[in-house]
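The values are calculated or read from the model by the stated rules, or taken from the named source; none is laboratory data. This structure is a prediction, so every number in the text was calculated from the model and none was measured. So basically every Cβ, Gly included, is an ideal-geometry build from the backbone, and we count neighbours across all protein chains shown.
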Amino acid sequence: MKHLDEYRDADTARRLAAAIGREVSPARGYRLMEFCGGHTHAIFRYGLEDLLPKNVEMVHGPGCPVCVLPTGRLDMAIRLANRDGVILASYGDMLRVPGSRGQSLLKAKADGADIRMVYSTIDALKLAEANPDREVIFFAVGFETTTPPTALAIEAAAARRLSNFSVFCNHVLTPSAIAAILEAPAVRELDAVDIDGFLGPAHVSVVIGSRPYEFFAEEYRKPVAISGFEPIDILQSILMLVRQLNDGRAEVENQYIRAVTRDGNARAKAVVSRVFELRRDFEWRGLGHIPYSALRLKDEFAAFDAERRFGESYVPAPETKSCECPAILRGARKPTDCRLFGRACTPETPLGSCMVSSEGACAAYYTYGRMRDTAQDTAREMVS
Ligand code: SF4
């Protein structure tokens, strides 16, 4: 397949769905976690769940960088933005995520903080160059896909001796999150995440390759199919997982061969390892504290580390009351299990990060009309 249309071809989708229907065993269930929020949105955008047999269940994972950032980290960003002389450069999604006490970056901006929306690290660097008398802090979030551009920006700032640029680093690691889902005590206690296999992320895997997932296949006996984002990619990957499970295999298969290799992008990995090192501990929304699951700047780049430069440290904060984002992010609940979904919480009035982010599961359900449970509940409430 060479052209985008072919990855969205309805006949091919129907053939793949029929193959999945033929090959699933009625005697068992298939609980497959799509790690990445991009996959969640594609699944709902193209109605793929409707094509799957009832015993194939897609479980939504924590692969949404905006969603997994806990309230305490957002509070840190707001505190940094409120400092005198600071310009905080942030991606748009972060602006509306609720922090503590009803705060958000958008509200801080309305109250006078200088917060600018940027589309890339280059925008943030340009902002620093254009404002030499101000401190420009780039609010860096994301998995392995967005880490290399942040590392390049820090190297560029060092090379240009840009002394008014720093990074508030919140880059997190995919394999650590998968391991946490499989073995975190909090997850086990909930006894709700019984995952048979993983749809591996596409863009992240372009950078890190397929090799890091081999551990999960070997150690936890969980098959992985790294999948592209188009509907045909996803259905083909689901079929690969169904076949592995039927055969009793637990391997890493790469459906997204047009972009992912076993070892990933060597140059991207090299720049990341020049600039960053593992953090000992990082708190994730929904998954709790995970050791060595995030990155911080190496000592030689400490001058560009906003946390060290401004002496800002992490203070845990409670999550929004009644918001089910934490359970949704570890695959234990669905958005429609949240009583606020589609009522108090909508994309216009988001109460949790999963409704704000363009990769969030709640936003996917809402945007693509997966509100049947809620609608039925409302109807039941009306007639009872
Ligand atoms: S619907 Fe809103 S309040 Fe409920 S889990 Fe999703 S983001 Fe949180």
Checklist entry - Looking only at residues in the range 306-326 that are in contact (Cβ under 8 Å) with a residue 40 or more places away in the chain and within 8 Å of the ligand (Cβ to nearest atom), which one is farthest from residue 40 (Cα to Cα)? => result 320
Checklist entry - For residue 220, are the conditions met, namely being at pLDDT 95 or above and surrounded by fewer than 18 Cβ atoms within 10 Å (Cβ to Cβ)? => result no
Checklist entry - Is there a residue being acidic (Asp, Glu), within 29 Å of residue 306 (Cβ to Cβ) and under 21 Å from the mean Cα position of the chain (by Cα) anywhere in the range 269-279? => result yes
Item to check | From the options 150, 145, residue that is touching a Cys at 6+ places or on another chain (Cβ under 8 Å) and crowded, with 19+ Cβ neighbours inside 10 Å | outcome: 150
Item to check | Search result, residues across the range 293-343 that are closer than 30 Å to residue 32 by Cα and of a type in the set (A, V, I, L, M, F, W, C) | outcome: 294, 295, 323, 325, 327, 328, 329, 332, 338, 340, 341
Next on the checklist: Out of everything in the range 327-341 that is within 9 Å of the ligand (Cβ to nearest atom) and touching a strand residue (DSSP E or B) at 6+ places or on another chain (Cβ under 9 Å), what residue ends up being farthest from residue 40 (Cα to Cα)?
Outcome noted: 338
Checklist entry - From the set of residues in the range 258-272 that are of a type in the set (Gly, Ala, Ser) and part of a helix (DSSP H, G or I), which is farthest from residue 161 (Cα to Cα)? => result 266
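Condition check ((1) modelled with pLDDT of 95 or more; (2) small (Gly, Ala, Ser); (3) crowded, with 17+ Cβ neighbours inside 10 Å) across all residues:
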| position | (1), (2), (3) |
| --- | --- |
| 259 | yes, yes, no |
| 271 | yes, no, yes |
| 274 | yes, no, no |
| 293 | yes, yes, yes |
| 321 | no, no, no |
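Counting only residues that are surrounded by 15 or more Cβ atoms within 10 Å (Cβ to Cβ) and under 18 Å from residue 70 (Cα atoms), how many does the range 307-319 have?
Selection size over the range 307-319: 4.
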Next on the checklist: Cβ contacts < 7 Å: first residue within 23 Å of residue 212 (Cβ to Cβ), restricted to the range 170-192; second residue at pLDDT 55 or above and of a type in the set (Asp, Glu), any location; separation 6+ or different chain. Result?
Outcome noted: 173/144; 174/144
Item to check | Matching residues, the range 348-362, being more than 8 Å from the ligand (Cβ to nearest atom) and either buried (at least 24 other Cβ atoms within 10 Å of the Cβ) or over 16 Å from residue 64 (Cα atoms) (or both) | outcome: 348, 349, 357
Checklist entry - Just to be sure, is residue 285 within 13 Å of the ligand (Cβ to nearest atom), at pLDDT below 90, basic (Lys, Arg) and surrounded by 15 or more Cβ atoms within 10 Å (Cβ to Cβ)? => result no
